[in-house]
There are 2 protein chains.
Amino acid sequence: MKAIETIRWDDDTSSIVLIDQTMLPLSYRVVRCRTVDRLITAIRRLEVRGAPALGVAGAYGAALAAGTVKEKEFPRYLEKVETAARAIAHARPTAVNLSWGVQRVLSRINRSGSIAEARLLSLKEAHRVAEEDSRSCHAIGDHGSTLIADGSTVLTHCNAGALACREWGTALGIIRSAIESGKEVKVIACETRPLLQGARLTAWELKRDNIGVTVIPDSAAASLMRSGGIDCVVVGADRITHDAVFNKVGTYMHAICARAHSLPFYVAAPLSTFDPVHGSSEIVIEERDRDEVAFYGGHATVPEGVPVRNPAFDATPLELVSAIVSESGVHRPPLDWDEIARTRRVI
Amino acid sequence: MKAIETIRWDDDTSSIVLIDQTMLPLSYRVVRCRTVDRLITAIRRLEVRGAPALGVAGAYGAALAAGTVKEKEFPRYLEKVETAARAIAHARPTAVNLSWGVQRVLSRINRSGSIAEARLLSLKEAHRVAEEDSRSCHAIGDHGSTLIADGSTVLTHCNAGALACREWGTALGIIRSAIESGKEVKVIACETRPLLQGARLTAWELKRDNIGVTVIPDSAAASLMRSGGIDCVVVGADRITHDAVFNKVGTYMHAICARAHSLPFYVAAPLSTFDPVHGSSEIVIEERDRDEVAFYGGHATVPEGVPVRNPAFDATPLELVSAIVSESGVHRPPLDWDEIARTRRVI
């Protein structure tokens, strides 16, 4: 079966082509972003989401900015490209990969000597980011699959799959690699309120690849752990700081419950997700729109006038994490940040 | 403001009148059950739900059976009433109050000497059950409000409010009594997937009574606890055995997270919820329909063919419970079952 192509550059139309993840599983539709504004809309609307995919989107977005800014005078061209690229980087605040992808390409643009060179180099660098993402996911899969016993049932939250990356996935990359290596693995996908990325996206892509998956409400995970129905938890990450893993809201509660039932709790993320600079208290947790929780299919599920809290992410202290799997291997907390910083540069 | 009347007997039409809880908060509609079959449908569809309200529904249901069975020969009449009443008791398996309410009235019917007497006594006993439920809720409120500090923010799950009882509520009864006694109390209502009783019902009835309430996805509770936004957890119960509290799925995870953050975890339930007979391993956890999780407003949220687990309840071990509040007082585990059995009889 053809691999899922979550995000790619289309040379013919000089645009970024995305699978529209807001429409799955009802319909499979691709979106074509020919402008930076359209890409920002896609990022904000979560047509493309998932930390590694946002890294690729940021990289191609900066290249799109380089290709579409009309200015002819080089220094002013650079300024305008930078402004456009920064707008992409700020479209969502929590996942570090988005600004990392933008920065990767922007620094290449800034080292070029002409508009033509900036356009050429930016696209080349964006392709490199995309290819690295694929290689990272497969390496994460290979490293992580050693942690998964044959016959395991793995609980996952949200979607850290092919749809969260260029392809293959991080958490689901580990599942795919384990299965490819001959193990039997079943997945329990938490539906992941409010936007149901687990029910809609994880279930869709695993079913497509004939991997056994069962969907549960997020709140049913703990009792399933207690009854022995879960062997370990594997999730992705949007940012990993010195002291915490930022990931989809609900991750923290699964980590607490995994610890309470003595189950391993694994995080799968490329090195681009690691943030060596900030502490967890400095990270902005994106608060999304009330209507994501308060409406469904146009119907109010919360009475009018009642306030809603809708944080997109939470922070899981590293003490609750058994291991983080990156493309460079299996890291067990406490993390060796010097080694991570070295590997991050080399890769 | 007039109190919420969740369930009542209507003398003029000899029927049970319910607030249809499947329609809130979109519309306020009452349902009239003139037959046992219609009542069973109402219970199965969750038009009426919540353990204490189910106790009242069971009691009035048995009285409805006594009033509607057409048989003229007394022993055969009793048989038919018993069959109809048993069908009500089995409409949902987990909440013990339903069969308890049925049994309360049935034993009175069985001690009567004629059809006319059975009809009279059954309705009288059902009214007594309903009135006791109100008294229990207010007593639970009074006992429980001593546990709530002035200025508290209380997390609750599902709906253990007026809509889960005849009126006032158990968990929300404690909130109402605390506020009535002059304390300031705010409520965080977990939306409670899949049927959103927290978002729809708890938010609706608290807003109606001008009590401050904010709705969150179930999965956001743990991080709110960590950030200091919660002072204690108060939930209801569907059955309390020697070793566990059965309540809406998600309760167990909140109990684990409350313990992890050193927050008190309180359960509010009338003595009719206590089950002195069974151990938790004997209790059937109702598995409800796939579509409750997999569809919303007619749209598929889970891809076709992907299985779903939808347990309605989970079991929280008593070790995680700080106290259970009943109409007879505040019980701290380990429970004194002899005392509970004595009080249960006396009340």
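Annotations
- Within segment B:16-54, tally of residues that are free of Cβ contacts under 8 Å to residues at least 60 places away in the same chain, outside any loop (DSSP other than H, G, I, E, B) and either in contact with a helix residue (DSSP H, G or I) (Cβ under 7 Å, 6 or more places away or on another chain) or among the hydrophobic types (A, V, I, L, M, F, W, C) (or both): 12
Condition check ((1) in contact with a strand residue (DSSP E or B) (Cβ under 6 Å, 6 or more places away or on another chain); (2) surrounded by fewer than 24 Cβ atoms within 10 Å (Cβ to Cβ); (3) modelled with pLDDT of 95 or more) across all residues:
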| site | (1), (2), (3) |
| --- | --- |
| B:Ile175 | yes, no, yes |
| B:Ala199 | yes, no, yes |
| B:Thr202 | yes, no, yes |
| B:Leu206 | yes, no, yes |
| B:Asp209 | no, yes, yes |
| B:Ser219 | no, no, yes |
| B:Ala222 | no, no, yes |
| B:Ser227 | no, yes, yes |
| B:Ala237 | yes, no, yes |
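- Against the numbered list (1) within 25 Å of B:Phe274 (Cβ to Cβ); (2) in a loop (DSSP other than H, G, I, E, B), B:Lys2 comes up short only at (1).
- Residue satisfying all of: in segment B:255-266; in contact (Cβ under 8 Å) with a residue 60 or more places away in the chain and in contact with a strand residue (DSSP E or B) (Cβ under 6 Å, 6 or more places away or on another chain); surrounded by the most Cβ atoms within 10 Å (Cβ to Cβ) among these: B:Ala255
- Flag for A:Val185 being crowded, with 24+ Cβ neighbours inside 10 Å and not assigned by TED's automatic domain parsing to the domain that holds A:Ala130: no
- Among the candidates A:Glu184, A:Glu131, A:Glu180, A:Glu117, the residue that is away from chain B (no Cβ under 14 Å), closer than 26 Å to A:Val30 by Cα and modelled with pLDDT of 95 or more is uniquely A:Glu131.
- Options A:Phe313, A:Phe295: the member that is within 13 Å of chain B (Cβ to nearest Cβ) and free of Cβ contacts under 8 Å to residues at least 24 places away in the same chain: A:Phe295
- Sole residue being within 17 Å of B:Ser326 (Cα to Cα) and part of a helix (DSSP H, G or I), chosen from B:Ala126, B:Ala87, B:Ala116, B:Ala130: B:Ala130
- Tallying residues that are in contact with a Ser or Thr (Cβ under 7 Å, 6 or more places away or on another chain) and among the acidic types (Asp, Glu) within segment B:123-167 yields 2.
- When B:Val36, B:Val30 are checked against the criterion of being of a type in the set (Val, Ile, Thr), in contact with a Leu (Cβ under 8 Å, 6 or more places away or on another chain) and farther than 30 Å from A:Gly298 by Cα, B:Val36 stands alone in meeting it.
- Single residue of segment A:298-310 satisfying the filter (crowded, with 21+ Cβ neighbours inside 10 Å and part of a loop (DSSP other than H, G, I, E, B)) that is farthest from the other protein chains (Cβ to nearest Cβ): A:Asn310
- Looking only at residues of segment A:59-99 that are touching a residue at least 60 places away in the same chain (Cβ under 8 Å) and under 25 Å from A:Asp289 (Cα atoms), we find that the one that is surrounded by the fewest Cβ atoms within 10 Å (Cβ to Cβ) is A:Pro93.
- For segment B:287-297, a residue qualifies if it is assigned to a strand (DSSP E or B) and modelled with pLDDT under 95, and the qualifying residues are B:Phe295, B:Tyr296.
- Hey, A:Thr202 touching a residue at least 24 places away in the same chain (Cβ under 8 Å), farther than 18 Å from A:Arg45 by Cα and in contact with a helix residue (DSSP H, G or I) (Cβ under 6 Å, 6 or more places away or on another chain) or not: no
- A:Arg76 fulfils the conditions (1) charged (D, E, K, R); (2) assigned to a loop (DSSP other than H, G, I, E, B); (3) out of contact with any helix residue (DSSP H, G or I) (no Cβ under 9 Å at 6 or more places or on another chain) except for a single criterion, (2).
- Any chance B:Arg135 is surrounded by fewer than 17 Cβ atoms within 10 Å (Cβ to Cβ) and in a helix (DSSP H, G or I): yes
- The set of residues in segment A:9-33 that are crowded, with 18+ Cβ neighbours inside 10 Å and within 15 Å of A:Gly67 (Cβ to Cβ) comprises A:Trp9, A:Ser15, A:Ile16, A:Cys33.
- Candidates A:Thr13, A:Thr94, filtered to the one that is under 17 Å from the mean Cα position of the chain (by Cα), outside the structural domain of A:Arg208 (by TED's automatic domain parsing) and in a loop (DSSP other than H, G, I, E, B): A:Thr94
- B:Glu327, sole failed condition from (1) within 14 Å of chain A (Cβ to nearest Cβ); (2) acidic (Asp, Glu); (3) over 21 Å from A:Arg200 (Cα atoms): (1)
- Of the listed requirements (1) within 27 Å of A:Val187 (Cβ to Cβ); (2) modelled with pLDDT under 95, B:Val277 misses just one: (1).
- If you go through segment A:311-346 and pick out every residue that is out of contact with any strand residue (DSSP E or B) (no Cβ under 6 Å at 6 or more places or on another chain) and either acidic (Asp, Glu) or in a loop (DSSP other than H, G, I, E, B) (or both), you end up with 11.
- The set of residues in segment A:215-254 that are among the polar types (S, T, N, Q), touching a residue at least 12 places away in the same chain (Cβ under 8 Å) and within 24 Å of B:His157 (Cα to Cα) comprises A:Asn247, A:Thr251.
The values are calculated or read from the model by the stated rules, or taken from the named source; none is laboratory data. Everything numeric in this text was worked out from a predicted model, so none of it was measured. Methodologically, a virtual Cβ is constructed for each residue, glycine included, from the backbone with ideal geometry; neighbour enumeration extends over all protein chains shown.
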